[in-house]
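The values are calculated or read from the model by the stated rules, or taken from the named source; none is laboratory data. All values derive from a computational prediction rather than experimental measurement. Here the Cβ positions follow ideal geometry from the backbone for every residue, glycine too, while neighbour counts run over all protein chains shown. Heads up: the accessible areas ignore ligands, DNA and RNA and are worked out on the full protein's heavy atoms, side chains in. Shrake-Rupley method; radii C 1.70, N 1.55, O 1.52, S 1.80 Å.
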Amino acid sequence: MAIKMKTIVTYRATATCPTHARTEIPVRDLNVVIDEPEERGGTNLGPTPTETAMTALIACTNVIGHKNAHRLGIDLGEITIDADCKFDRRGVLMEEEIDVPFPAITLTVNCHTTASQDELNRVGVETAKYCAIAKLFEAAGTDLTVNWVKQT
């Protein structure tokens, strides 16, 4: 008998904030540290909140991309992901409220693979449907472009 996974779950976390810049968040058996660099009064023990958002997008693209490739029977080979993220800092600098803090993000998923470019494009289309973090950025108004590129 197969166990059916819940489709809606609730995530809960309680963070401690030992300084104005550092936030420590227990997740599963991990302790996630989000911090500011020293020049902004932090201790540089982790990425900033905005860097964390960008890296979450990269990681989600990797995970969901691989799941879709597996489902489609496509071998992605070795991949790297380059990000070009435009960030409007006026909001975090308290200069003015910004509706779309990340106006444009381009990810380039470089695949060293025997798969064809058409197959990679199919993986990209499917990944766009299911990457939760990409959906968040797009719903917020970010112009998100993800290019899946066959490397030789």
Pairs returned, first residue in region 107-119 that is assigned to a helix (DSSP H, G or I), second residue that is polar (S, T, N, Q) and crowded, with 16+ Cβ neighbours inside 10 Å, beta-carbon separation under 9 angstrom, 6 or more apart or interchain, are E119/T113
The number of residues in region 44-64 that are in contact (Cβ under 8 Å) with a residue 12 or more places away in the chain, more than 17 Å from K135 (Cα to Cα) and either out of contact with any Ser or Thr (no Cβ under 9 Å at 6 or more places or on another chain) or open to solvent by less than 60 Å² (accessible area, probe 1.4 Å) (or both) is 4
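Return yes or no: is K67 of a type outside the set (S, T, N, Q), open to solvent by 50 Å² or more (accessible area, probe 1.4 Å), touching a Phe, Trp or Tyr at 6+ places or on another chain (Cβ under 8 Å) and closer than 19 Å to T145 by Cα?
When the stated conditions are applied, K67 does not pass them.
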Please verify whether region 81-101 includes one or more residues that are open to solvent by 40 Å² or more (accessible area, probe 1.4 Å) and either farther than 29 Å from R22 by Cβ or among the polar types (S, T, N, Q) (or both). no
Residues of region 33-68 being under 24 Å from D82 (Cβ atoms), β-branched (V, I, T) and outside any helix (DSSP H, G or I), in sequence order, are I34, T48
